Each structure stands twice: as structure tokens, then as C-alpha cells.
Amino acid sequence: MLEVKNLKVHLDTASGIVKAVDGVSFHVKAGETVGIVGESGSGKSVLAHSLMQLNPVPPATYPQGEIIFENRNLLDLKEKELRKIRGNEIAMIFQDPMSSLNPVFKIGNQLMEAIRTHQSMSRQNAEEKALELLKDVGIPDPKSRLNDYPHQFSGGMRQRVLIAIALACQPKLLIADEPTTALDVTIQAQILELMKDIQKKYGTAIIIITHDLGVVAQLADRVLVMYSGRIVEEGITGDIFYHTSMPYTWSLLRSLPRLDSDIHQRLKSIQGQPPNLVDPPKGCNFSPRCPFVTEQCLEVDPSLVDRGNGHRAACILSESEYEERKHEIQDIEREGVEQ
Amino acid sequence: MSEALLEVRDLEVYFPIKKGVLKKTTGNVKAVNGLNLSVNKGETLGIVGESGCGKSTLARTILGLEKPTSGDILIEGESILNYSAKQMHRLRRDVQMVFQDPFTSLNPRMKVSEIIAAPLKAYKMTDNIEQRVKELMDLVGLKPEYHDRLPHEFSGGQRQRIGIARAIALKPKLIVCDEPVSALDVSVQAQVINLFEDLQKELDLTYVFIAHDLSVIKHIADKVSVMYLGKMMERSDSESFYNHAQHPYTNALLSAIPLPDPGKEKTRERIVLKGELPSPANPPTGCVFHTRCPIARDYCKENTPQLERKGNEEHEVACFFPIEKGMVEAGSENLLR
Ligand SMILES: Nc1ncnc2c1ncn2[C@@H]1O[C@H](COP(=O)(O)OP(=O)(O)OP(=O)(O)O)[C@@H](O)[C@H]1O
Ligand SMILES: Nc1ncnc2c1ncn2[C@@H]1O[C@H](COP(=O)(O)OP(=O)(O)OP(=O)(O)O)[C@@H](O)[C@H]1O
Ligand SMILES: [Mg+2]
Ligand SMILES: [Mg+2]
């Protein structure tokens, strides 16, 4: 349904050209959920915005690549044609629900507006549809809530309204950029349940972007791991979490605070800082922080290598070299603990 | 009891709601609404709760920055409420705070070395300030060559290290950490959590560690307290707490945290709470949690549960119908949607 080929998005800033998305390829099939994870600044939002060309130009430029959605390259379309696709076939929800709703219009009117922009429908039918959508996303007493303004809703409820607006035209693809990051954990749990229900009901394909690997484990069929503007690993969710063959993903998984750890268990942190995207390191971008690093890694920039079953990883180590090195690292750690 | 470094007794902190031209007080935001806690020397008390439940207000009151409406705060057995100016000055040295947002809490025009030296100068702690700043930077893992840099030249994790260095500079007895890792990226969170643990061992520090995430608390706390709408729902030593959480709210919090493990996520039983957090200006009657509680009965609407021991010595819960061990795992009908 969606296929992104070798996409580059550059941002022209005062300190130089930021290669925010640096040659990314992936696809999304109808009805599936793809999770995109990565640390802050790895390019997740710029990538998501580029799919609907919502990055402000300037600073953004698209020097290379294709975004094929239902046999059309979105990068070739005119703004007018894009507008037909946005909100209609592809919808997007953002991290901050307040800034995406207009504070001076009633919730009901904003919903009906969204419905009527893309479907010709009488006011009355649109109102009925709006009610049904609010009910679908679990707003209690939706009828009286249609006349409320956004500030009268809590953060969780506003996020539900945005999901309702996104669903108004039954899009084929829903892009959710950190939809729960600003919310409390119990409200996050409600929204994640809602997204699962919606997918079941409407069969919408979902791209969920988050830095929370727990959210991805819960929702995604497949996962893309981003690091400094690149996809460094891709695979079905189980392969990424249980059979990663990429040192960054491995390090990230080990560094997480986990509810299923022991009390006071020491975290295995990743050393160093994320790379500078204006002037990335030579060789592999992760090499300055990588516990597996070899001399070759400082020279060679690895490309994604196929590991079978749709699993791809950007690391020059072969699977057996990776496993061997992993055991060495774990042995050293164990000795360190015993001393 | 006398060994407690910090004790909070029946603490209430209300903020008046003023309306109209005459600014008449029409009600109160009950930010902290009857809290008790104590922390022993060398211990870490973890405090969790959702946005607006009063965590920061509690922290600020412990530091003497907010005046309690009623109740008491004792440091080493002595009430801080009637402190003289001189004693208050000493309190500002002995109790330090680390904030959530390391950026807004650092003066953007001061060099790192100046930020860390400021409290040393104010309290004339040492004759050799330069040497001490060097030591402190080393302790928190900041390279000596960063000495002259400004805060904006640092990443979030490094800025939090600066905040920690400043907090430990005066060898405080207690450090109150208000969500110190919530704003940090996943990959640097672990570094900072480990730093807190290392410094505690090295300097024999006592922490009150506030977070909204029970998985972070698990890696650092000896005792855990759960807050909801200005009240304490459950408190316990970590062992008993994570082994068997008794309050329905705690169980909901625990089951709301997504595990980075797709296999477990698929099979896991989950309590998804309905509805939203009520307002602390107008808290529900009876048990404040009853409006969202999956097992609330009529009784809970009218009666207010107190923190009480149920079984285990160190484990207290404010609930008339606490959850028995294994109930969530077994997917007990009335608990799960
Ligand atoms: N408008 C802009 N001008 C200049 N640089 C930008 C702009 N927007 C993003 N960037 C830079 O592009 C890179 C990628 O940013 P992006 O927002 O995509 O990261 P992200 O992965 O979404 O991070 P987060 O988890 O913090 O949301 C970063 O280095 C960021 O500083
Ligand atoms: N100075 C103040 N005046 C009036 N109300 C206040 C004041 N400070 C806090 N409040 C209110 O008191 C309640 C508790 O706020 P507090 O900041 O302590 O919560 P918190 O648990 O720290 O939340 P968060 O997780 O969002 O930081 C909130 O409803 C808040 O709006
Ligand atoms: Mg982003
Ligand atoms: Mg707070």
C-alpha cells in the first residue's frame, strides 16, 4: 500500500544541513501496524511528516527518493492533489493534542467540518456521524460534549477527539506520532486499547511512532528501528525483541527500566551521546557508542543486510560474529560483577 | 521512629481558588490532602502518581518552598515549620532538589563551573572552590574540559548531571528528586539512574525520588508510596510492593505500563481504568478513587479508607477491598473489563 524508497529529507539550518532522514526505505501493507522507534532526534517526526509533506519548506528539501502510495509518487503530486489525500486516505495524529485542535471552535463543529471536507453530507448526517465517532472513541455522554470547546476536555479526551477526526473518513493509513507521550499511563493504556479496537473495526493500517519500546511491543506487527536518520533494523516484532542482530537495538533493549526486572537491578546504560546529524561520524553512525565496535566499523558505513524473513540489520558483523561478540561482552560483564 | 531523617505528618497543602473582582475565595485545590510518610537515612523512597496528584507540591513543601495548610514536616525529628531565618538557611543547605527539566533550572548565562560553585560560595563550604568543583564534575561524570561551557551546549542527560552536581555540592542530608529522568531520552535515562545509585553508595545520600513510572522506581527505591489526588493509596517496602500490590489503583498503574516484551504483552491481563482523573478542587466523596475503581461498591462512595496494615508489617493500603494475590493474573471477572 505504502512504499518508501531511498528517501532523503534535508533541513537547511544555520549550523549546516541536517540529514534528518538519510536514505530510508520501507513499506506498509494494508491493515498492518508498523512501529517506528528511535531516540530523540533520530528523525522519526521528520520522516512521518514527509509522508504527507507536512515539513515546512524551507528548511526541508527532498533531494532524493520516492513515496509510493497506491501507485502514485506523493513527491510528484501538487499541493491540491495532496490535500485530497490528507485526512481522507492518510490521516495523522500528533503528540500534542491541544495544538492540533482549534481552541475557538466547538468540538462538534471541528468534527463535522472534518467529515464534510471529504464527504458530501448534510449537516444532520454529519452530526450523526460525529456522534457515532465520539462514541467509538469512548467519550462519555457524547451528545452534550459536542458543544464543548477543546479546553473543556482533558488531555486524554482531546487525543480521543483527534483520533475521531482522523477516523472521520475511514483512512487507509493512520500515522500516529507519539500519540500517548503527553498522557498519563492509565490514560495511555485507554488510548492504546482504543487504537487496537479501531484497527479491528476499520482495518486501518497504522504507523505508530514512539520512543517507548513497550508501546511498540504491545501494538506493532513489524518494527523499524531508527538511528541518526537511518533505519538500522527492520523486522517482525518478535524478531526485533528476541532475535535482534543489531548492536544498537540490543543496547537499547538492555538499557530500559523494566517492570519485570529485579528490585534495584542495575541498568546497562548505553555510553555516550547521540551523534550530530550535521557532521555524522565516519563509518557506522553508532560506532562511537557501540560495545561491539571493530576497527572496520570506523571506516565502513554499513547498509541494511537481509537476514531472512524480512529481517534486515545495518551492521557489518555477520550473525555468527555478532553472537560471538555478544557472548564475549556478557562474559566480561559477569566477571566484572563477580570481582 | 526517631531514626527517620524525614517525616511528613498529616500534611495538607491547599491552594485557594479566587474568583470575581473581589478575589473572594470560592474553594480550594486540595493538592496534598492528608499525607504521611517517613524516610530513613541512606534510604530511597519512591513516590509515584499521575499528573496533578500533588507530587511536586509535596516536594516543594518538604523544601520549605510551600506553606502547609496543616500538618507537620520534621527533619531529624525537628519541625521545620517554625524555623528561624538562620535555621531556614541551614535547611536550604541540608535539603536539596533535582528538577525534572534540567534546562529551565540552570541559569543559561552561567558557565558550568560557576553553576556548581554558586552554592559552595554562598555557604563558604571550602577554601578551595576550584578543586571541589573539579571533584564534583568528576563524581557526576562531566569531563574537566567542559568547565567553561554554557548549559545550552550540553545534552539533556549532561544537563541533568550538572543539576545533580549542584545538588550534592553542599553534602546535603536529603535530596528530593522531582521526576529527574522523565524528560530524558531512553538511551540516557539509564546513565542518570545509575549515577543516582552510585552517588548514594559513595556519599551515603537519602533520596525522595518522584516519578510517574513504576518501572523506573523499581530500579532505585527501597520503599514505594503511591499517590492519587493528594492522598496516599499504598505504601510498602519495594519487595512486598512489587511482589503483591494490594490497591486496585496500584494494580491498574502496574498493568498500564507496557512491557518491552511482545510475548508477555500478548498474554498479559490488563486493568484499563475508565474515565479521567477527577479534579483536586472537587475530589470525590468517600474513597477518592471510587469513580474510576473497577471494584468499587456503594460503601466506598460514603466511607473514606485509611492507610492500614494488611498482613505484612511494612505494607499499608488505603482500601476497603484490597486485591488478593494472584487476582489480576487469574483475570478475576469483576476486575477486568
Ligand atoms: N524545523 C527544523 N529546523 C531545524 N532542524 C530540525 C527541524 N525539525 C527537526 N530538526 C532536526 O532534525 C532531526 C530529526 O528531528 P525529529 O523531530 O524528526 O526527531 P524525532 O526522532 O522525532 O525526535 P523526538 O523523539 O524528540 O520527537 C533533529 O536533529 C532535529 O533537531
Ligand atoms: N501554586 C498553585 N496554585 C494553585 N494550584 C496549584 C498550585 N500548584 C499546584 N497546583 C495544583 O495542585 C495540583 C497538584 O499539582 P502538582 O504540581 O503538585 O502535581 P504533580 O503530581 O507534580 O503533577 P505532574 O506530574 O504534572 O508534575 C494540581 O491540580 C495543580 O494544578
Ligand atoms: Mg518526534
Ligand atoms: Mg510535578
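The values are calculated or read from the model by the stated rules, or taken from the named source; none is laboratory data. Keep in mind it's a predicted model, so treat the numbers as computed, not measured. No Cβ is skipped: glycine too gets one built from the backbone with ideal geometry, and neighbour counts run over all protein chains shown.
A:L213: in contact (Cβ under 8 Å) with a residue 40 or more places away in the chain and either within 10 Å of chain B (Cβ to nearest Cβ) or over 21 Å from A:G31 (Cα atoms) (or both), yes or no? Against the criterion (in contact (Cβ under 8 Å) with a residue 40 or more places away in the chain and either within 10 Å of chain B (Cβ to nearest Cβ) or over 21 Å from A:G31 (Cα atoms) (or both)), A:L213 qualifies. Scanning the range B:143-185 for residues that are part of a loop (DSSP other than H, G, I, E, B), of a type in the set (G, A, S) and either more than 16 Å from ligand 1 (Cβ to nearest atom) or touching a residue at least 60 places away in the same chain (Cβ under 8 Å) (or both) gives B:A169, B:S182, B:A183. Answer yes or no: is there a residue in the range A:169-186 that is over 16 Å from the mean Cα position of the chain (by Cα), under 26 Å from A:P150 (Cα atoms), within 16 Å of ligand 2 (Cβ to nearest atom) and assigned to a helix (DSSP H, G or I). Yes, the conditions are met somewhere in the range A:169-186.
Listed here are the residues, each with its yes/no results for (1) under 21 Å from B:S51 (Cβ atoms); (2) surrounded by 15 or more Cβ atoms within 10 Å (Cβ to Cβ).
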site	(1), (2)
A:L111	no, yes
A:N125	no, no
A:A130	no, yes
A:K135	no, no
A:L146	no, yes
A:G156	yes, yes
A:Q159	yes, yes
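Per the listing B:V21, B:V98, B:V32, B:V48, the residue uniquely within 14 Å of chain A (Cβ to nearest Cβ) and more than 16 Å from ligand 3 (Cβ to nearest atom) is B:V48. For the range B:194-215, taking the residues that are surrounded by 23 or more Cβ atoms within 10 Å (Cβ to Cβ) and at the interface with chain A (Cβ under 10 Å from one of its Cβ atoms), the one that is nearest to the chain's Cα centre (by Cα) is identified as B:A211.
The helices (runs of 4 or more DSSP H) falling completely within the range A:91-161 that include 1 or more residues that are over 20 Å from A:D197 (Cα atoms), at pLDDT 85 or above and out of contact with any strand residue (DSSP E or B) (no Cβ under 8 Å at 6 or more places or on another chain) map to A:107-118, A:123-136, A:142-145. Of all the numbered requirements in (1) crowded, with 19+ Cβ neighbours inside 10 Å; (2) over 17 Å from the mean Cα position of the chain (by Cα); (3) away from ligand 2 (no atom under 16 Å from the Cβ), B:Y83 misses one, and that requirement is (1).
Restricted to the range A:1-45, and to residues there that are of a type in the set (S, T, Y) and in contact with an Asp or Glu (Cβ under 6 Å, 6 or more places away or on another chain), the residue that is farthest from B:V186 (Cα to Cα) is A:T33. Of the residues screened, B:I62 is one that is under 18 Å from the mean Cα position of the chain (by Cα), buried (at least 18 other Cβ atoms within 10 Å of the Cβ), under 28 Å from B:V226 (Cα atoms) and at pLDDT 90 or above. For the range A:222-273, taking the residues that are acidic (D, E) and surrounded by fewer than 17 Cβ atoms within 10 Å (Cβ to Cβ), the one that is nearest to the other protein chains (Cβ to nearest Cβ) is identified as A:D260.
Residues checked against (1) within 14 Å of another protein chain (Cβ to nearest Cβ); (2) within 16 Å of ligand 3 (Cβ to nearest atom); (3) modelled with pLDDT of 90 or more:
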position: B:T104; (1), (2), (3): no, no, no
position: B:P119; (1), (2), (3): no, no, yes
position: B:Y123; (1), (2), (3): no, no, no
position: B:D127; (1), (2), (3): no, no, no
position: B:A165; (1), (2), (3): no, no, yes
position: B:A169; (1), (2), (3): no, no, yes
position: B:L174; (1), (2), (3): no, no, yes
position: B:V181; (1), (2), (3): yes, no, no
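Within the range B:51-80, no residue satisfies the criterion of being more than 15 Å from ligand 2 (Cβ to nearest atom) and part of a helix (DSSP H, G or I). Inspect all residues belonging to the range B:93-102 and state whether any of them is outside any strand (DSSP E or B), over 26 Å from B:L253 (Cβ atoms) and of a type in the set (S, T, N, Q). Within the range B:93-102, none of the residues are outside any strand (DSSP E or B), over 26 Å from B:L253 (Cβ atoms) and of a type in the set (S, T, N, Q). Scan the range B:263-276 and give yes if some residue there is within 14 Å of chain A (Cβ to nearest Cβ), crowded, with 21+ Cβ neighbours inside 10 Å and either assigned to a helix (DSSP H, G or I) or of a type outside the set (D, E, K, R) (or both), otherwise no. Yes: the range B:263-276 contains one or more residues that are within 14 Å of chain A (Cβ to nearest Cβ), crowded, with 21+ Cβ neighbours inside 10 Å and either assigned to a helix (DSSP H, G or I) or of a type outside the set (D, E, K, R) (or both). Whenever a residue of the range A:40-61 is under 20 Å from A:L252 (Cβ atoms) and part of a loop (DSSP other than H, G, I, E, B), its partners that are among the small types (G, A, S) and near ligand 1 (Cβ under 6 Å from one of its atoms), lying with C-beta atoms within less than 7 angstrom and at least six residues away or across chains, give the pairs A:G43/A:A20.
Please pick out the residue among A:F69, A:F94 that is away from ligand 1 (no atom under 13 Å from the Cβ) and within 28 Å of A:L213 (Cα to Cα).
Details: A:F94 fails: away from ligand 1 (no atom under 13 Å from the Cβ).
Only one candidate passes the filter, namely A:F69.
Residue count for the range B:199-212 satisfying the condition of being away from ligand 4 (no atom under 13 Å from the Cβ), outside any strand (DSSP E or B) and touching a residue at least 12 places away in the same chain (Cβ under 8 Å): 6.
If we keep just the residues of the range A:44-84 that are touching a strand residue (DSSP E or B) at 6+ places or on another chain (Cβ under 9 Å) and β-branched (V, I, T), which is nearest to A:G229 (Cα to Cα)?
Within the range A:44-84, the match that is nearest to A:G229 (Cα to Cα) is A:V46.
A:E335 fails exactly one of the following numbered conditions: (1) away from chain B (no Cβ under 14 Å); (2) touching a residue at least 12 places away in the same chain (Cβ under 8 Å); (3) out of contact with any Pro (no Cβ under 7 Å at 6 or more places or on another chain). What is the number of that condition? Of the numbered conditions (1) away from chain B (no Cβ under 14 Å); (2) touching a residue at least 12 places away in the same chain (Cβ under 8 Å); (3) out of contact with any Pro (no Cβ under 7 Å at 6 or more places or on another chain), the odd one out for A:E335 is (2).
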